[in-house]
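The values are calculated or read from the model by the stated rules, or taken from the named source; none is laboratory data. Please read these numbers as outputs of a predicted model, since none were measured by experiment. Neighbour counts run over all protein chains shown; Cβ positions are idealised from the backbone, glycine included. Heavy atoms of the whole protein, side chains included, go into the accessibility calculation; ligands, DNA and RNA do not. Shrake-Rupley method; radii C 1.70, N 1.55, O 1.52, S 1.80 Å.
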Amino acid sequence: MSTRRCQPRDAGAGAPATEAGSIPAGTGGRVIVPGAPTLIRSVLDPTILPAEPADDGLLALPPERLLLPALRQRFYYPPARWHIEQQSDRVLLPGVSGELRPASVLVPIVDRADGPVVLLTLRTTHLRQHSGQVAFPGGRVEAQDRDVIHTALREAEEEVGLDPALVEVVGKMPEYMTGTGYRVTPVVGLVSRKAVLVPDPGEVAAAFEVPLAFLMDPRNHERRRYDVDGVKRTFFAMPWGPPGQEPYFIWGATAAMLRNLYHFLRAD
């Protein structure tokens with residue numbers, strides 16, 4: 001069976017990027033276990049930084065907007081204008097220079113009986129980049145990849161065993177520039193509940209699902225702040241975990257992409 005793409009639309013087309021004024025310038029529950037950027041030091045524990053609410057008076061998306069038919073419709077007929085809140089980490093790690101390398105991630109929205117969920121991974125601690133962090137499946141564009149959609153599907157299959165034939169790609173979100181030197185395209189895919197995941201233990205410490213309703217409710221969004229040589233920086237965070245378990249810390253680029261997805265889905 002071939003991958004279902006159904007004429008995916010680019011969510012960023014015709015949508016000017018704007019930075020949030022409150023951010024300093026320049027700067028389901030199933031768990032499957034197997035501007036000019038600033039140069040910063042790579043040692044940072046985001047979980048201990050002060051947190052403040054990031055709801056900004058925004059409302060949670062109504063349940064009907066989160067159903068798969070509504071998501072499909074939104075990407076097929078995107079709004080002419082919508083608010084892209086953040087498109088870069090606004091920092092560069094030591095050793096990062098030159099042209100940003102293309103990459104893509106899959107934003108997998110799984111159709112569950114209790115409501116759609118977003119599939120995320122916890123990366124193993126021995127990886128060279130983003131070790132021990134929560135992330136979407138994805139990676140850099142390889143020479144053999146046809147496009148960024150192919151990259152995202154290939155990486156998801158390699159990392160968590162997600163069969164591309166069970167993914168309906170509905171569109172792409174605007175590119176996001178990471179502090180590790182990548183220009184990342186988020187590819188949004190609707191995943192059949194028939195999908196069976198087999199995480200690669202060499203890359204993925206755990207694969208888990210977060211209710212889309214939780215992620216699309218700004219009351220669950222935080223801003224965390226830190227100083228780098230006197231320059232204040234902020235990032236989004238969305239800690240989540242099943243009841244009685246230590247929460248997964250969703251932050252940085254992954255949280256920013258989810259925040260942008262919220263704005264895209266809420267736009268009139």
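Exactly one residue out of 134, 118, 184 is touching a Gly at 6+ places or on another chain (Cβ under 8 Å) and either under 20 Å from residue 262 (Cα atoms) or at pLDDT below 95 (or both), and it is 184. Tell me whether the stretch 16-39 contains one or more residues that are open to solvent by less than 30 Å² (accessible area, probe 1.4 Å), closer than 30 Å to residue 201 by Cβ and at pLDDT 50 or above. Looking through the stretch 16-39, at least one residue is open to solvent by less than 30 Å² (accessible area, probe 1.4 Å), closer than 30 Å to residue 201 by Cβ and at pLDDT 50 or above. If you filter the stretch 58-87 down to residues that are in contact with a strand residue (DSSP E or B) (Cβ under 6 Å, 6 or more places away or on another chain) and assigned to a loop (DSSP other than H, G, I, E, B), you find that the one that is nearest to residue 254 (Cα to Cα) is 87. Considering the conditions (1) surrounded by fewer than 19 Cβ atoms within 10 Å (Cβ to Cβ); (2) on the phi > 0 side of the Ramachandran plot; (3) not aliphatic (A, V, I, L, M), residue 252 is excluded by exactly one of them, (1).
Filtering the stretch 81-112 to residues that are open to solvent by 50 Å² or more (accessible area, probe 1.4 Å), modelled with pLDDT under 95 and farther than 24 Å from residue 155 by Cβ leaves 94, 97. Evaluated against (1) open to solvent by less than 20 Å² (accessible area, probe 1.4 Å); (2) in a loop (DSSP other than H, G, I, E, B); (3) of a type in the set (Asp, Glu), residue 159 falls short on exactly one condition, (2).
Scanning the stretch 237-268 for residues that are in contact with a His (Cβ under 8 Å, 6 or more places away or on another chain) and over 20 Å from residue 209 (Cβ atoms) yields 263, 267. When the residues of the stretch 178-206 are filtered to those that are more than 11 Å from residue 108 (Cα to Cα) and outside any loop (DSSP other than H, G, I, E, B), the one that is most open to solvent (accessible area, probe 1.4 Å) is 183.
Pairs linking a residue in the stretch 152-170 that is closer than 8 Å to residue 189 by Cβ to a residue that is assigned to a helix (DSSP H, G or I) and open to solvent by 20 Å² or more (accessible area, probe 1.4 Å), with Cβ atoms under 7 Å and 6 or more positions apart or on different chains, are 153/164; 170/72. Within the set 175, 168, the sole residue that is within 19 Å of residue 153 (Cβ to Cβ), surrounded by fewer than 23 Cβ atoms within 10 Å (Cβ to Cβ) and over 13 Å from the mean Cα position of the chain (by Cα) turns out to be 168.
Yes/no per residue for (1) in a strand (DSSP E or B); (2) at pLDDT below 95; (3) of a type in the set (Phe, Trp, Tyr):
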{"position": "208", "(1), (2), (3)": "yes, no, yes"}
{"position": "214", "(1), (2), (3)": "no, no, yes"}
{"position": "219", "(1), (2), (3)": "no, no, no"}
{"position": "225", "(1), (2), (3)": "yes, yes, no"}
{"position": "234", "(1), (2), (3)": "yes, yes, no"}
{"position": "242", "(1), (2), (3)": "no, yes, no"}
{"position": "245", "(1), (2), (3)": "no, yes, no"}
{"position": "255", "(1), (2), (3)": "no, no, no"}
